[in-house]
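Contents: one structure, followed by commentary.
What follows is calculated from the coordinates using simple rules that are stated; it is not laboratory data. Since the structure is predicted, the reported quantities are computational estimates derived from the model, not experimental observations. Quick reminder, even Gly has a Cβ in these numbers, built from the backbone with ideal geometry, and neighbours come from all protein chains shown.
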Amino acid sequence: MKSDALRGHLDALLLATLDGRELHGYAIIEALQLRSGGALDLPTGTVYPALRRLERAGFVRSEWSTVSGRQRRTYKLTSSGERELANQRTAWREFTVAIEGVLGSGPWPAKA
């Protein structure tokens, strides 16, 4: 999938991936890839800065933990992040309805 197609949707995708779960960065990347059927294979250089931006905005909270002797930073939605995800989902539904109205309707009827 072209990265241009993701522009403006990355934050919503990350928030949705964290919905009800606490995941470390690489697990987020894997979940995006799995849930998209492999279409979303985002580089760490895209995901980690976005997670930091979401954390600064107050939508995500992170904490460090040690797993098998390795340090991992895990991310979780805040209550503000849950509200933002709900808003993003509503906006996405409205967007897809509008785009489907144009792209999916076929040719316009001929003028009489």
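For the chain, the relative contact order is 27 percent, taking Cα pairs closer than 8 Å that sit 6 or more residues apart in sequence and dividing their mean separation by the residue count.
Based on DSSP H segments of at least four residues, each scored -39500 (n - 2.57), the chain has a per-residue ellipticity at 222 nm of -17500 deg cm²/dmol. Among GLY38, GLY25, GLY81, the largest mean-square fluctuation in a Gaussian network model of the chain (Cα springs under 10 Å) belongs to GLY38. Sorting VAL102, VAL47 from the fewest to the most surrounding beta carbons within 10 angstrom yields VAL102, VAL47. Projecting label points 7 angstrom from Cα along Cα→Cβ for THR90 and ALA39 puts them 2.5 nm apart. The ratio of the alpha-carbon radius of gyration of the chain to the globular-protein estimate 2.2 N^0.38 Å is 1.32.
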